Structures are given as C-alpha cells and as structure tokens.
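A.B. asks: This structure is in structure tokens; I'll ask about it shortly.
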Amino acid sequence: MLNPITFTLDRESGPLTVKASGLDFAAYEDQFDKPAIAGISEGRYKTFMYLCWHAMKRQGLTEQTFDEFIADSPTFTAPEKVEDVPPLESPQPTGQ
C-alpha cells in the first residue's frame with residue numbers, strides 16, 4: 001500500500017503544499033494504464049506532476065487542465081525517498 005506523498009510546489013503566488021493519496025494514485029493508473037508505484041519508485045517527473053495536479057484539482061486548488069499545468073513547468077519538492085514503497089512482486093513463501 002502506498003502512503004500519501006506531500007509535495008511543495010513553487011507557484012507565482014508562493015509555495016503550495018499538496019498531499020497526493022490513494023485517489024490520486026488510482027487516477028494516475030486509470031489515465032496512463034501504468035502502476036503509479038513504478039513511476040514513483042523511479043522518480044519520474046510526469047508521475048509526480050500528475051499526482052500533484054490531480055491532488056490540486058481534487059481539492060479545488062486549480063482549474064487548469066493537466067497539459068496547462070505541466071506547460072507552466074512547475075517546480076516542486078518531494079521527499080527524497082518515498083518511504084514504504086512495497087516491491088512490485090511479493091516473494092514466494094518458503095514453506096516454513
């Protein structure tokens with residue numbers, strides 16, 4: 001299970017803190033048909049930007065489309081290491 005991720009975006013109006021959670025992870029997977037965990041683990045810019053944008057949209061903090069949002073080239077900070085990212089595959093039980 002993925003824990004929420006808190007991002008701080010540098011906006012013209014000042015810094016904005018937004019928390020991406022399960023609804024945002026699911027929306028990413030629906031939109032791109034890829035697991036959010038893979039993009040998060042790899043530190044992919046588009047994954048982080050979509051999660052930030054979707055969380056902002058869901059919370060009423062932006063009216064922009066994703067393309068408009070990303071065209072602004074937003075800068076952000078996120079945890080250097082996202083904690084508790086489970087492996088994509090679970091190890092097989094050893095029978096003990």
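A.B. asks: Identify the single condition in (1) farther than 12 Å from PHE76 by Cβ; (2) touching a residue at least 60 places away in the same chain (Cβ under 8 Å); (3) in contact with a strand residue (DSSP E or B) (Cβ under 6 Å, 6 or more places away or on another chain) that PRO4 does not satisfy, given that it satisfies every other one.
C.D. replies: (2)
A.B. asks: Can you tell me how many residues in the range 1-30 are of a type in the set (D, E, K, R) and over 13 Å from the mean Cα position of the chain (by Cα)?
C.D. replies: Residues in the range 1-30 being of a type in the set (D, E, K, R) and over 13 Å from the mean Cα position of the chain (by Cα): 4 in total.
A.B. asks: If I go through the range 21-57 residue by residue, how many of them are of a type in the set (A, V, I, L, M, F, W, C) and over 19 Å from SER73 (Cα atoms)?
C.D. replies: 8
A.B. asks: Quick one: which helices (runs of 4 or more DSSP H) lie wholly within the range 12-96 and hold at least 1 residues that are under 13 Å from LEU2 (Cβ atoms), among the charged types (D, E, K, R) and modelled with pLDDT of 95 or more?
C.D. replies: The helices (runs of 4 or more DSSP H) meeting that bar are 22-32.
A.B. asks: Between a first residue in the range 13-26 that is surrounded by fewer than 11 Cβ atoms within 10 Å (Cβ to Cβ) and a second residue that is of a type outside the set (Phe, Trp, Tyr), which pairs have beta carbons less than 6 Å apart while being 6 or more apart in sequence or on different chains?
C.D. replies: PRO15/THR8; THR17/THR8
The values are calculated or read from the model by the stated rules, or taken from the named source; none is laboratory data. In this text the structure is predicted, and so the values were computed from the model without any measurement. Every residue, glycine as well, gets a Cβ built from its backbone with ideal geometry; the counts of neighbours run over all protein chains shown.
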